[in-house]
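Below you'll find the structure, written out as structure tokens, and then a few comments.
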Amino acid sequence: DLDDRVSIVRFNHLAEAVVPMTPVSSTAAPTQDDVRQSIRNNIAPADGNTAIAAGAGTAFAELAAPRPTAPPVLRKAVVVLSDGKENTGFESPAGSGNWFSILGGTRSEPLPSVADVETDSLVVPSDIKVYTVGLGLTSDINPAELEALATPGDFFHVDGDLSGSKYFQLEKYYTQIFMDIADLATISDPMYWIDPGRRHEIEFDVLRGDVRAMVVLYD
């Protein structure tokens, strides 16, 4: 309800906007609850091959959808979650013969084709900030692809099986990305094991110019 918009894109060797670009609203359909339900119901487990450029390129196209009115400050961001192992090209527009991948080079055509195709590097529009999240063990991801796609400094690696001290690492990174998009600064980032009956006091400074603070707890 603050003139924000959101789109959700799923991809394997092809890409699809599961939620086309829509205003974020608690009352007007599709509501935030509708969007969350669509994510739960309409994003199947990964299968087939991987075309990261297809997911990112489809997201760029969603961000190009016209707005009824343009706010004074408009931030455009794409968040890509993948293992970074891109093996399939992205044809844009479809049928044009123009093929893309993150780094360029030889890639496969989307299934069921088994042919190879030469691709150019996908160009990120200058007004879009890209965050990439590599999910998987270090041996299971390709950070080079994700770092190349991300705005410098905005690649996050969830290294491990999301257990122990890394249990909330994915949530933490998504929170950091949200805060960066919303131009909020992270003041403190502690992690504690809290035993029953044990008390922790975590102090942080609120500066004179600050008008609000947000505390996020993952437990």
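Points worth noting:
- Estimated from helical segments only, the mean residue ellipticity of the chain at 222 nm is -6000 deg cm²/dmol, where each DSSP H run of four or more residues counts as -39500 (n - 2.57).
- Under 5 Å, built H, 5+ apart or other chain: amide partners of GLY160: GLY136, LEU137, THR138
- Surface per residue (accessible, 1.4 Å probe) for the chain, Å²: 64 Å²
- Placed amide H near ILE8: partners under 5 Å, 5+ positions off or other chain: VAL18, VAL19
- Rounded to the nearest 10 degrees, the angle from helix 52-63 to the longest Cα principal axis of the chain is 70 degrees.
- Residues LEU111 and VAL211, FRET efficiency given R0 of 35 Å [Cβ-Cβ distance, rounded to 0.05]: 0.10
- Against the compact-protein benchmark of 2.2 N^0.38 Å, the Cα-based radius of gyration of the chain scales to 1.15.
- Restriction of the trypsin sites (Lys or Arg not before Pro) in the stretch 1-102 to DSSP coil positions whose beta-carbon has at most 11 other beta-carbons within 10 angstrom yields no sites.
- Rounded to the nearest Hz, the phi-derived 3J(HN,Hα) couplings of the stretch 12-19 under the Karplus curve 6.51 cos²θ - 1.76 cosθ + 1.60 (θ = phi - 60°) are 10, 7, 10, 10, 8, 7, 5, 10, where x marks glycine and proline.
- Backbone HN-Hα couplings from phi across the stretch 141-147 [Karplus 6.51/-1.76/1.60, Hz, Gly and Pro as x]: 10, 10, x, 4, 5, 6, 5
- Axis angle, to the nearest 10 degrees, between helix 169-181 and the longest C-alpha principal axis of the chain: 90 degrees.
- LEU81-ASP219 FRET efficiency (beta carbon distance; Förster radius 30 Å; 0.05 resolution): 0.80
- Given charges at beta-carbon only (K, R positive; D, E negative), |dipole| of the stretch 1-154 in Debye: 360 debye
- Alpha-carbon centroid distance for the pair the stretch 31-55 / the stretch 182-208, whole angstrom: 33 Å
- Amide H contacts of VAL130 (H built 1.01 Å from N, under 5 Å, at least 5 apart or other chain): VAL78, THR151
- Taking θ as phi - 60° and the Karplus parameters 6.51, -1.76 and 1.60, the scalar couplings of the stretch 97-106 work out to x, 9, 10, 9, 8, 5, 9, x, x, 7 Hz in sequence order, x denoting glycine and proline.
- Simple label model, 7 Å out from Cα along Cβ direction - ARG199 to SER38, nm: 4.7 nm
- Cα lying deepest toward the dipole's positive end in the chain, options PRO125, GLY209, GLY105, charges on Cβ: GLY209
The values are calculated or read from the model by the stated rules, or taken from the named source; none is laboratory data. As the structure is a prediction and not an experimental result, all values here were calculated from the model. Cβ coordinates were reconstructed from backbone atoms using ideal geometry, including for glycine residues, and neighbour counts include every protein chain displayed. All accessible areas refer to the heavy atoms of the entire protein, side chains included, with ligands and DNA or RNA removed. Shrake-Rupley method; radii C 1.70, N 1.55, O 1.52, S 1.80 Å.
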